[in-house]
Structure formats: C-alpha cells, structure tokens
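Undergrad: First the structure, then my questions, so here it is.
The values are calculated or read from the model by the stated rules, or taken from the named source; none is laboratory data. The model shown is predicted, which means the values in this text are computed figures rather than measured ones. For neighbour counting, all protein chains shown are included, and Cβ atoms are generated from backbone atoms with ideal geometry for every residue, glycine included. These area figures cover heavy atoms from the full protein model, side chains too; ligands, DNA and RNA do not enter into them. Shrake-Rupley method; radii C 1.70, N 1.55, O 1.52, S 1.80 Å.
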Amino acid sequence: MFDGLYMFGIAVTGYLTPVSLGLAFGATLLGLLAGCMPGLSATLIITLLTTLTLKMQPNQAILVLVCAYNGAIYGGSRTAILLNIPGTAANAAACLDGYQLARQGQAGRAMGIATTGSVLGTLFGLICLALFTPMLGEIALSFGAFEFFWLALLGVVTSGNLVAVDPLKGWLAGLLGLFVAGIGQDGMYAYERFSFGNADLAGGFGLIPVLVGAFGFSEVLTVMSERFARPKIMEFGSAIPRIRDVIVYWRTIIRSGVIGVWIGILPGVGEDMAAWSSYAAAKRLSKEPEKFGKGSIEGLMAAETGDNASVPGGIIPALALAIPGSAPCAVLLAAMIIHGVQAGPMLMVENPQFVYDVVAMVLFSTLGILFFGLFFIKPLLKITQIPRSILMPIIFVLCVIGSYALASRLFDVYTMLGFGTLIFIMRQYGYPAAPFVLGLVLGDILDKNLRRGLVLSDGDLLPFFTRPLSALLALLVLWTFITNVKTINDLMVWGRDALWARVWPKRSTT
Amino acid sequence: MNAKLFTADRIGGLIWFVFGAAVVYGSWMMDRLESMNIPPSTAPGVVPALQGIGFIIFALILMFRSEKHTIVNTYAPGETDAAPADNRQESFYWKRILLSWGLCLAYGAVLLGSGIHYWALTVAFLFLHAILLDDTEQVPARPTLRRVIVAAVMALTIATIVTLIFRYIFLVRLP
C-alpha cells in the first residue's frame with residue numbers, strides 16, 4: 001500500500017517538468033478537439049498519435065496517448081449537449097438529457113455537469129487502477145498457458161458479443177483479427193504461415209498500419225460518405241459546475257463509477273457500453289425516472305461518469321493481463337509493445353513503477369479536462385465548424401505518412417489502405433471494427449498459449465477444461481456462444497424436446 | 001432487418017465459408033515439421049485450421065439464418081423496394097465514397113513512391129480532395145473561388161508542415 005503511494009509520488013514528481021506538463025495538457029486538448037469532431041473516434045486519435053510519438057521516450061509517448069484518450073472520451077460530450085451529435089460513440093447516452101437541457105436554456109449547466117461527471121468518474125477509475133492492477137497482476141501470476149488461451153478467446157468473444165448489434169458478425173470480425181495476427185512467421189518455430197513466398201508478408205502485417213487502416217482510413221471513407229450540414233451552435237452561459245449537483249447525486253456518481261470501471265475491465269467492451277449501462281442503472285434506481293430523456297441532471301451525470309470511469313478501468317486488464325478492456329486500450333497496448341513496455345502479469349514484478357506512472361498520467365489528463373472543460377469552451381466548439389472535406393484528407397495524409405514512418409516501407413501503406421477498405425466494407429454490412437482489433441492484438445497470445453498448453457499437456461486437451469479457472473473461463477466462452485446464437489439455441493431446444501420425447505413420450509405429447 | 005440485408009448476409013456467409021475452407025486447406029497443406037520431432041498438436045497449421053473451422057461454422061449459421069428469414073418473409077407485406085428518392089440518395093452516397101476512395105488510392109497506392117516529390121503530391125491530393133468533395137449536394141462539387149483559395153492555402157500549409165515535421169524532426173526518408 002505504502003509502496004504504491006511512494007511510487008505514485010515518484011511518478012507525479014517525475015512528470016512535473018515543463019516538457020511533460022506541456023505534453024500532457026497538449027495531448028488532452030488534442031483529444032478534446034478530436035472528441036468534439038463527430039466522426040473522429042478516440043481510437044482514431046490514439047492510433048494517429050501512436051505513429052507520431054514513435055521517436056519519443058516510452059513514458060512520454062504513453063503519457064501523450066493516455067491523455068489524448070481520456071480527453072477524447074470527455075470531448076464528445078460537448079457536441080452531444082450543444083448539437084445532439086455525440087462526438088464519440090461513448091457520448092451517445094449524453095445526448096438524451098444533455099441536448100434537452102441545452103434546449104431548455106441550461107447548456108452551460110449541462111456542460112458543467114458533464115465536466116464534473118467526467119472528472120469524478122476518471123478520479124474514481126484512477127483509484128481503482130492504482131488498487132486493482134497490482135492485485136490482478138498478482139492473481140495473474142498463477143495463470144498458466146491454459147488460462148491465458150481462454151482469456152484471449154473470451155476477450156474476442158465478449159467484444160464481438162457486446163459491441164456488435166449482431167453477435168455473429170462481431171465474432172466473425174474477431175476471428176478475422178485472430179487470423180490476420182497469425183499471418184507471417186509463427187512465434188514458436190518461425191514457420192511462415194500464409195506468406196506465399198512474399199518477404200513482406202513473412203514478417204506479418206504491422207499492427208499499427210492495420211490499426212491505422214481500420215480506424216483511420218475506414219473512418220475517413222465513412223465520414224466522407226455522410227451528408228452533414230454545418231451545425232449551428234446554441235447559446236450557453238457559465239459552465240462552472242454547481243456543488244449542489246454533486247452533493248445531491250453522490251450515489252449516482254459512485255454507482256456509475258463502479259459500473260464504468262467494471263465494464264472497462266471486461267475485455268473489449270468499451271466506453272459506450274459503460275455510459276449506457278450507467279444511464280440505465282441510474283434510471284432504474286432514480287426517484288425521478290420520468291425526467292430521464294427530458295433533461296435529467298442525474299441521467300447526464302450518470303452517462304458522463306460511467307464513460308470516463310471506464311477509461312482507467314479498461315487500462316487495468318491491459319496492464320495486468322495484456323488483455324485490453326476496449327478498442328482504444330488495444331491500440332494503447334500495441335503502442336506499449338512498440339515502446340518496449342511488456343504489459344502482463346510480469347509487469348508488476350519487473351517494472352511496477354510503470355503502473356503508477358500510468359496512474360499519474362491519468363491524473364494529469366483529468367486536470368487537463370477540468371481546466372479546458374471549464375475555461376476553454378468557445379474555442380473548443382470552433383473545431384466543429386471545420387468542413388469535413390478539409391479535415392478528412394488531412395487525416396488521410398497523416399494515416400499514410402504515419403504508416404510509412406514506422407519502417408520506411410511502402411508495404412505498410414498498402415497494408416493500411418487494404419485493411420481500411422476491407423473494414424469500411426465490413427462496417428457497411430454490420431461487422432464492427434472493435435472485435436477485429438481485439439483479435440489482432442490478442443491473436444499472438446491465443447496462438448502461443450494454445451500451443452504452449454498443448455506442449456505442456458503432451459497434446460492432451462483435458463487441462464483446458466479441468467483446471468478450475470480454465471473450466472470457468474471455458475464455460476463463460478461456451479455460454480456466450482450458446483445464448484447468443486439463435487440457431488444453436490433452437491437446436492438445443494429441439495434436442496431437449498427430442499430427448500424428452502424418448503425418455504417420457506406421454507408427457508412430451510401432452 | 002430488411003430483405004436487402006438478408007441477401008447481403010447470404011452472400012457474406014458464402015464468402016466467409018469459401019474463405020474458411022481455403023484457410024483449412026492452407027493449414028492442412030502446411031509443413032507439420034515432423035523432421036524436427038515436434039508434437040503434432042503444436043504444428044504451425046493447428047491454430048489457423050481451428051480458425052478456419054470457426055469461419056465455416058459461423059458462415060453456415062449466417063447463411064442458414066438469412067435463408068430462413070428470406071423464406072419466411074418472401075410474401076410478407078411491407079418490405080418494398082427502396083423509393084426512387086432513396087435510390088438517388090444511395091447513388092450520391094456511393095459516388096462520394098468512390099471519388100474519395102479513388103483519390104486516396106491514387107495518392108497512397110499508385111503515385112506515392114513513384115518518383116513524384118512527396119510535398120508536391122501531398123499538396124495536389126489535399127487540394128483536389130478538398131475541392132472535389134466540398135459540396136454535400138453535388139459530386140464532384142463546383143466550388144466557388146473563395147473555397148478554391150481556402151483549399152489551396154490549406155493544402156500548401158498542411159503539406160509543408162507534415163513534410164517538415166517528418167523530414168527534419170522524425171528524420172524519416174520521405175517516399
């Protein structure tokens with residue numbers, strides 16, 4: 001406990017330099033601006049920044065990414081409140097009550113509530129990040145190859161299940177991500193899989209070019225295809241939050257914080273689900289449920305607390321298990337790998353200071369949110385006035401040069417273009433990008449641990465199902481499949497009825 | 001879900017099925033490294049083969065599901081073809097995507113690295129993309145002189161900044 005506080009103190013003082021503070025606040029502002037722009041997701045801005053921070057020191061690069069991530073999730077609330085357009089998917093729940101409050105002439109108050117909720121949610125998540133990451137890391141030290149295989153599979157399955165409207169399509173996207181991760185030399189025997197004698201393919205697809213394609217190029221195409229009139233910004237007053245709003249809804253804040261962190265920890269689920277779940281829980285337990293959707297302070301507070309609490313929540317499994325909690329966390333994890341930070345159970349043994357460095361990064365981004373959220377409102381909204389026809393080609397140029405700069409080879413640019421086009425087409429037909437990214441990041445973990453497990457058990461599959469934790473994870477994976485595919489459900493019902501008909505013919509006919 | 005989406009699912013299911021079968025075949029044909037005395041269960045093709053089987057199973061469920069819905073909804077009232085206005089909107093939508101995609105591909109896949117100076121190519125791309133897709137009602141757009149000037153200034157500024165940053169700060173040899 002005191003070791004943790006000591007390391008946190010070292011981390012905070014370490015970042016109290018003009019360069020680090022400038023980077024932290026600059027990245028938070030950049031994230032806020034990106035979050036304000038409908039169509040630019042948190043994942044996109046982190047992916048682009050990953051390519052732009054390659055030459056930086058690891059700690060400073062991760063600082064920039066964490067601050068931009070947190071800032072983007074908060075920034076989307078601005079457009080949700082003033083324009084009824086969520087800046088990121090995470091802010092969709094904030095539209096319901098935020099926009100209604102703005103229409104009632106309380107836009108300033110709504111923005112104050114969004115800022116308060118986001119700051120308190122992130123602070124709650126930050127405490128959980130500091131407390132639970134070491135605990136989870138310690139538990140994970142007892143995990144073997146069998147458990148890690150199931151954890152990786154559970155991550156893809158959960159993500160596919162919860163992110164997509166149609167779980168089947170989510171799983172197919174996740175499976176494609178797992179397959180793409182396996183292309184090139186395998187991690188055990190350096191055997192070239194599906195490279196067809198191509199030297200570039202033998203090295204496998206670079207994680208960053210694929211991510212830039214999936215979230216950068218595909219979003220450029222998506223945004224360019226939409227009709228979008230330049231929005232008119234509503235008038236608003238002071239955005240300084242009222243203490244009364246915090247005191248009256250303290251239960252909602254804590255509940256939403258818990259829900260946000262918990263959903264953040266679930267592999268691959270994300271901030272939007274955290275916001276909706278917090279909103280739904282607040283509505284169910286509210287004394288004034290009839291006000292929800294008509295300008296409820298409690299509803300807006302719940303949604304904004306939930307989504308920002310899930311940011312540190314999602315970082316917990318990424319650090320402790322190397323299993324990302326959301327799509328932006330998957331990119332963050334990829335950036336850590338590129339910068340030589342080995343996330344996973346050994347992190348707390350080999351580099352425990354890094355965990356507290358990340359806690360300090362989240363703290364600085366929260367301070368940035370508070371500052372820009374309260375005193376920098378009008379300039380933030382000017383960004384929404386930039387035409388998409390100007391902004392999108394700029395983003396595409398950054399996608400191209402960012403992919404190329406990794407290894408100075410054009411193959412990475414072609415990879416970005418190819419996967420961007422593929423993901424764009426898949427998105428048009430209901431296949432989400434998040435499970436694909438999860439699959440891509442977790443593919444190596446899944447492959448290595450399945451085969452390691454098989455080596456340890458001499459080819460026997462039983463330990464994958466008989467070790468207590470493995471059995472539990474396997475049951476969770478199977479349960480998710482069975483309960484979400486109607487065809488399997490129908491087959492099970494048919495099988496049960498057929499069995500009953502044989503065992504007890506009279507009863508089954510009656 | 002509408003009938004169009006079910007048709008797309010059926011075609012999608014078929015594509016996934018063929019892809020899964022190809023993955024299984026490719027995995028089966030992989031070297032099992034028997035000469036290295038490795039356990040057969042850890043051969044390089046095991047994991048992709050399992051993934052291929054996964055593709056096939058999900059593809060079959062997708063096709064079965066869309067087939068079932070198509071049969072049920074064949075004579076169901078209410079599912080009519082898109083109205084002419086929707087068709088026009090869809091055509092506009094696809095024109096815009098194709099133009100943007102074509103410009104991006106021409107820039108990133110064809111002209112980049114072909115000998116044209118990076119800065120000049122980037123200026124041209126940014127300018128063309130900004131003016132051709134400027135109008136949200138017409139593809140390609142017919143921009144006003146003011147918008148052409150704005151696009152030119154933006155293209156020159158951004159291309160110069162990106163070139164300078166990557167060339168002199170990140171020390172990247174630009175294509």
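Undergrad: For the range B:82-93, indicate whether the set of residues that are farther than 30 Å from A:V220 by Cβ, open to solvent by 60 Å² or more (accessible area, probe 1.4 Å), at pLDDT 65 or above and not aromatic (F, W, Y) is non-empty.
TA: no
Undergrad: Could you list, in sequence order, the residues of the range B:10-45 that are assigned to a helix (DSSP H, G or I), facing another protein chain (nearest Cβ under 7 Å) and crowded, with 19+ Cβ neighbours inside 10 Å?
TA: B:G12, B:W16, B:V23, B:T42
Undergrad: Okay, next question. Condition first: free of Cβ contacts under 8 Å to residues at least 24 places away in the same chain, open to solvent by 40 Å² or more (accessible area, probe 1.4 Å) and out of contact with any Ser or Thr (no Cβ under 8 Å at 6 or more places or on another chain). Can you find one or more residues in the range A:448-460 that meet it?
TA: yes
Undergrad: Out of all the residues in the range A:403-413, which are at the interface with chain B (Cβ under 9 Å from one of its Cβ atoms) and either polar (S, T, N, Q) or surrounded by 19 or more Cβ atoms within 10 Å (Cβ to Cβ) (or both)?
TA: Hits for the range A:403-413 are A:S403, A:Y404, A:A405, A:S408, A:V413.
Undergrad: So, B:I56, is that one open to solvent by less than 60 Å² (accessible area, probe 1.4 Å) and more than 9 Å from chain A (Cβ to nearest Cβ) or not?
TA: Yes; evaluated as a whole, the condition is true for this residue.
Undergrad: Residues that are more than 19 Å from the chain's Cα centre (by Cα) and within 30 Å of A:E147 (Cβ to Cβ): does the range A:355-370 have at least one?
TA: Yes - at least one qualifying residue is present in the range A:355-370.
Undergrad: When only residues in the range A:386-401 that are under 24 Å from B:Y118 (Cβ atoms) and more than 9 Å from chain B (Cβ to nearest Cβ) count, which is modelled with the lowest pLDDT?
TA: A:L391
Undergrad: How many residues does the range A:404-423 contain that are at pLDDT 90 or above and among the small types (G, A, S)?
TA: So the answer is 2.
Undergrad: Considering (1) of a type in the set (G, A, S); (2) open to solvent by 10 Å² or more (accessible area, probe 1.4 Å); (3) assigned to a helix (DSSP H, G or I), say which one A:G295 fails and leave the rest.
TA: Only one criterion in (1) of a type in the set (G, A, S); (2) open to solvent by 10 Å² or more (accessible area, probe 1.4 Å); (3) assigned to a helix (DSSP H, G or I) is unmet by A:G295, namely (3).
Undergrad: Still on this model: I need the full set of residues from the range B:110-138 which are modelled with pLDDT of 90 or more and open to solvent by 40 Å² or more (accessible area, probe 1.4 Å), in order please.
TA: Within the range B:110-138, B:V110, B:L111, B:I116, B:H117, B:W119, B:A120, B:A124, B:F127, B:L128 qualify.
Undergrad: Then there's this: Only one of these conditions is not met by A:I383: (1) away from chain B (no Cβ under 14 Å); (2) buried (at least 24 other Cβ atoms within 10 Å of the Cβ); (3) modelled with pLDDT under 90. Which number is it?
TA: Here A:I383 clears every test but (2).
Undergrad: Using beta carbons and a limit of 7 Å, which pairs, at least six apart or on different chains, have the first residue in the range A:342-358 and charged (D, E, K, R) and the second one open to solvent by less than 20 Å² (accessible area, probe 1.4 Å)?
TA: Taking only residues 6 or more apart or on different chains, the pairs are A:D357/A:A11.
Undergrad: So, of the residues in the range A:169-196 that are modelled with pLDDT under 90 and within 8 Å of another protein chain (Cβ to nearest Cβ), which turns out to be surrounded by the most Cβ atoms within 10 Å (Cβ to Cβ)?
TA: Of everything passing the filter in the range A:169-196, A:D186 is surrounded by the most Cβ atoms within 10 Å (Cβ to Cβ).
Undergrad: Same structure again: Would you be able to tell me the number of residues in the range A:209-225 that are at pLDDT 90 or above and of a type in the set (V, I, T)?
TA: So the answer is 1.
Undergrad: I'd like to verify a number: residues in the range A:203-228 that are within 13 Å of chain B (Cβ to nearest Cβ) and not in a loop (DSSP other than H, G, I, E, B), how many?
TA: Residues that pass the stated criteria total 13.
Undergrad: So which of A:T43, A:T51, A:T13 is farther than 29 Å from A:K378 by Cα and modelled with pLDDT under 90?
TA: Residue meeting the stated conditions: A:T51.
Undergrad: Moving on. Search the range B:108-123 for residues being more than 7 Å from chain A (Cβ to nearest Cβ) and in a helix (DSSP H, G or I), and hand back the single one that is nearest to the chain's Cα centre (by Cα).
TA: B:V110
Undergrad: In addition: Are any of the residues in the range A:205-213 in contact with a strand residue (DSSP E or B) (Cβ under 9 Å, 6 or more places away or on another chain) and under 15 Å from A:A407 (Cα atoms)?
TA: Yes; the residues of the range A:205-213 include at least one that is in contact with a strand residue (DSSP E or B) (Cβ under 9 Å, 6 or more places away or on another chain) and under 15 Å from A:A407 (Cα atoms).
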